[in-house]
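Worksheet: the structure to be examined is printed underneath.
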Amino acid sequence: MAATGRKAREGTTGGPRGAQAHDRIVQSVVDAIADRRLPPGTKLTEERLAQIFGVSRARIRTALSALAQIGVVELRPNRGAFVARPSAREAREVFEARRIVERGLLDRLAGAGPLPADAVARLRAHLAKEKAAAAADDRVAMIRLSGDFHLLLADLAGNGTLATFLDSLVRQSSLAIAALEVRQSPDCAAHEHQAIVEALAAGEGERAMHLMMEHLGAVEDRLAPDPGVPEVDLFAVFGRLGEAI
Ligand SMILES: [Zn+2]
């Protein structure tokens with residue numbers, strides 16, 4: 001974007017530029033949470049974020065409200081905004097919801113026999129990316145690709161509403177894993193994804209379903225209470241992005 005004054009960039013009444021800044025802030029925070037650069041429980045100070053993104057505190061407040069609506073930020077009265085930190089009970093609920101939704105998605109996906117060749121090709125291409133990320137020990141990519149595998153299955157199942165719902169559940173379960181996992185590891189084990197794809201490719205819907213339930217159970221089993229919240233410097237995470245918006 002051409003260099004313009006801060007006021008003009010930000011907009012005063014939420015015009016197109018204001019909307020652009022809003023989307024940019026929301027996406028930056030969502031990405032930083034997904035990549036675990038912002039761990040659960042991190043305080044999101046309005047003033048600092050306003051400096052970082054080069055916008056008003058009012059604009060930051062609006063973005064934080066939007067983030068709270070998708071469940072990744074928690075607004076605490078008189079205390080401010082924090083990266084959501086699911087309790088063990090909330091985490092169990094998220095995984096229960098995932099089992100219900102993903103069972104339905106796989107049922108829809110595998111109910112009509114073996115998957116079409118192009119769908120299998122997309123899934124195998126995704127597995128190759130997961131393997132490459134693991135080989136390169138690229139943790140951020142591994143976490144993203146773990147969630148994307150499940151979203152790809154939702155996409156192939158062809159129900160946009162369920163896919164949107166699952167997107168929110170995957171974000172929340174990733175937060176739960178970040179908050180409560182016993183040891184640091186990617187959200188999913190890639191070889192378990194591979195087994196699910198092979199079952200789907202062979203038209204073995206029941207087996208694919210069984211493997212998926214085992215897979216979600218294995219991910220959930222890694223959760224354990226872990227109350228520590230590390231100190232995070234918001235400037236170190238985002239740099240000064242104000243000029244780029
Ligand atoms: Zn998985």
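Matching residues to (1) touching a Leu at 6+ places or on another chain (Cβ under 9 Å); (2) of a type in the set (S, T, N, Q); (3) over 19 Å from Ala202 (Cα atoms); (4) away from the ligand (no atom under 15 Å from the Cβ):
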position	(1), (2), (3), (4)
Ala121	no, no, no, yes
Arg124	no, no, no, yes
Asp137	no, no, yes, yes
Ser146	no, yes, yes, no
Phe149	yes, no, no, no
Leu152	yes, no, no, no
Thr161	no, yes, yes, yes
Thr164	no, yes, yes, yes
Asp167	yes, no, yes, no
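Hey, any hits in segment 224-236 for a residue that's of a type in the set (Val, Ile, Thr) and at pLDDT below 80? Break it down into steps so the answer makes sense when it comes.
In the first step, residues of segment 224-236 are kept if they are of a type in the set (Val, Ile, Thr); the result is 229, 232.
Okay, now just the ones that are also at pLDDT below 80, so 229, 232.
For segment 224-236, residues of a type in the set (Val, Ile, Thr) and at pLDDT below 80: present.
Just for helices (runs of 4 or more DSSP H) wholly inside segment 67-163: which have at least 2 residues that are in contact with a Gly (Cβ under 8 Å, 6 or more places away or on another chain) and surrounded by 13 or more Cβ atoms within 10 Å (Cβ to Cβ)?
Numbers: elements: 88-110, 117-135, 139-157.
Per the criteria, 88-110.
The values are calculated or read from the model by the stated rules, or taken from the named source; none is laboratory data. Remember, predicted model here, so these are calculated numbers, not experimental data. Using ideal geometry, Cβ is built from the backbone for each residue, glycine included, and neighbour counts are taken over all protein chains shown.
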